[in-house]
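Below: one structure, written as structure tokens.
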Amino acid sequence: MTSQIDATAGPSRAEVAMDYARRMFERQRVPLPPLGFQVDWGDQPSRHKLYVDAPKLPLPVPFANLPSLAVEEAAARAAGPADDGLPSLDVLASVLGCYGLIDRRTGLNWNEDSAAKLKPAAPVWARPTASGGGMYPAESYLVAGSQAPLRTGVYHYDTAHHSLDRLSSANRCAELAGATGVDAGLYLVATLKFWKNAFKYNSFSYHVVTQDVGALLASWRLVLAAAGYVVEPVLWFDEGPVSTALAVDGRTEAPFVVVPLGPSRAAQAAAQPAAPLQLRVWEKSERVRDFELVERVHAAALVGSEPRPARSSAAPVPIVGDAVQLPPLDPQTKDLTTSLCTRRSSFGLFSAHPKLSTADLGSVLATTAHLTRAGSDVEPAPRQDPWTRLWVLPNAVEGLEKRAYAYDPASHQLIRGGEFDYREVQRHYALTNYNLSEVAAVLVITGRLEALVEAYGARGYRMLSVEVGQLAQTSYLAATARGLGIGAVLGIDNLAADEFLGLEETDERSMLFLLLGHERAGRAGYDHGLHHRPAQGDPR
């Protein structure tokens, strides 16, 4: 990327964000620029950020010592008030490992690369956290002070080798304290390296990657909660000092989430920034392109030293209607670690028989809904007003008509909405990797985008997307824990989906779709897992 867009010239920053979101929602009806764009697969970037000169610190095996805890219980813990516990290096290895390699994908499915990825020269590796298109554009960093469980310095997580790149031995915590308003001895930071996704999705990429970083944040929160730590991530911060501390430019790669760890207090004053680090990073692509819409909306969402706005409610308006009571929750069959290590998308593998039980559906909804109340700097826990709502479009669910339902987590009920023709959902799906007639239900994550942008400016769009990504990852793990298939998609026409849900006259918008149901049984495959937990009683 070569130029900085001045988002303050012309439309306001909030208008820039709303215009970008409108284009994303209309993209199946109005093509996005650049028209005629072709993906250059031969020049795609590496899925791993690799530093040329940085020394490496090996990490403990991820998830090996993580307590056995149900996904639902971990999600409930993660939604509680933050504590000041300082994780060990062993716990941090599991947190970082949420974006590391765990298994090679060798199963045949309906995805376009299904056959190609079986070739030895083109392996595709699974990770515990979901990513749109499997691009994995997020990067993880640790900024450690003197009280951290590793030497003072700045570290980057090398996803290819499950190790830490030591970028600096300096203590940069004061700069992050000034940027976030939270003084802590250890910070976990998630950035987005835009080209890793934009080479495929071009102008659509910002909509995808902001949800991707939310999915990673959900994995972090759940693993930390399982280990006994509850965190409050910072979403509103001054990007400049954080970018400088991490040696990223803030434009081609930019920080999106900062998680203070350990004892913390309000920062007194901004620190004087130190000189930026000089580091060499390998770039596989010979040509890195710009996309004006992405640059413009990213620039609009930067807040610099602007004060954090007062807490503002953007909760969806309550739905009134007849209710269907869901069964009480029962224990899940797989714990968090197993769910993380076996999570995958069910491309073309769904079967509408047997029907999905309301107990299974209710478990996924209830577990996911916990993360709608997880706190952050702009909405601390206990949080009363979620920004999002979960909807269900059932196709083959026991006892449910084919109509829209809104989920009420407080009563664990489905509120009946309008009727629609389920066959229309397939007609409005742009891809061929799923047969929606075999999907038991489509879960829809909606949010009050306009209200959030009004309250927080363009940053509101970015923060809503992060929350949507958190819910998507939690749904993946909740479904995996129940032995169900699941797949997140952005290819359903948002405008049509809003009509199905009866949202046309409201400011609530569909943001992401999750396909849920049973998978066909009896598929052959290979176990290429990199991390295996010994069976109980095994001395290894």
- Query: When the residues of the stretch 231-262 are filtered to those that are of a type in the set (A, V, I, L, M, F, W, C) and assigned to a helix (DSSP H, G or I), which remaining residue is nearest to R296 (Cα to Cα)?
  - Reply: V242
- Message: Could you list, ordered by first residue, the pairs with Cβ atoms under 8 Å in which the first is in the stretch 136-149 and at pLDDT below 95 and the second is not small (G, A, S), at least 6 apart or interchain?
- Response: S146/T152; S146/N171; Q147/L86; Q147/L186; Q147/P263
- Determine if the stretch 385-394 includes at least one residue that is closer than 27 Å to E508 by Cβ and of a type in the set (K, R). yes
- Item | Extreme residue, surrounded by the most Cβ atoms within 10 Å (Cβ to Cβ), among residues of the stretch 289-315 that are in a loop (DSSP other than H, G, I, E, B) and within 21 Å of the chain's Cα centre (by Cα) | A301
- Note on the structure: With criteria (1) surrounded by fewer than 19 Cβ atoms within 10 Å (Cβ to Cβ); (2) aromatic (F, W, Y); (3) under 27 Å from Q470 (Cα atoms); (4) at pLDDT 95 or above, W110 comes up short on (4)
- Quick check: anything in the stretch 129-151 over 19 Å from the mean Cα position of the chain (by Cα), under 25 Å from V16 (Cα atoms) and not in a strand (DSSP E or B)? no
- Message: If I filter the stretch 330-340 for residues that are surrounded by fewer than 21 Cβ atoms within 10 Å (Cβ to Cβ), over 26 Å from the mean Cα position of the chain (by Cα) and touching a residue at least 24 places away in the same chain (Cβ under 8 Å), do I get at least one hit?
- Response: yes
- Considering the stretch 180-200 alone, what residues qualify as being over 23 Å from the mean Cα position of the chain (by Cα) and not in a strand (DSSP E or B)? G181
- Message: Let me confirm something: among Y422, Y407, Y429, which residue is of a type in the set (F, W, Y), closer than 21 Å to F25 by Cα and surrounded by 20 or more Cβ atoms within 10 Å (Cβ to Cβ)?
- Response: Y429
- Task: Pick out, from the stretch 349-433, the strands (runs of 3 or more DSSP E) lying fully within it that include 3 or more residues that are in contact with a Leu (Cβ under 9 Å, 6 or more places away or on another chain) and of a type outside the set (G, A, S).
- Result: 388-394, 403-408
- Item | Filtered residue count, the stretch 316-336, keeping only those that are assigned to a loop (DSSP other than H, G, I, E, B), touching a helix residue (DSSP H, G or I) at 6+ places or on another chain (Cβ under 8 Å) and not hydroxyl-bearing (S, T, Y) | 6
- Message: Anything in the stretch 31-65 that is over 22 Å from P123 (Cβ atoms), surrounded by fewer than 15 Cβ atoms within 10 Å (Cβ to Cβ) and in contact with a helix residue (DSSP H, G or I) (Cβ under 8 Å, 6 or more places away or on another chain)? List them, or say none.
- Response: P33, P34
- Restricting the stretch 165-219 to residues that are crowded, with 22+ Cβ neighbours inside 10 Å and among the basic types (K, R), which is farthest from L277 (Cα to Cα)? K196
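The values are calculated or read from the model by the stated rules, or taken from the named source; none is laboratory data. Here the structure is a predicted model, which is why all the values come from computation and not from measurement. Ideal geometry is used to build each Cβ from the backbone, glycine not excepted, and the neighbour counts take in all protein chains shown.
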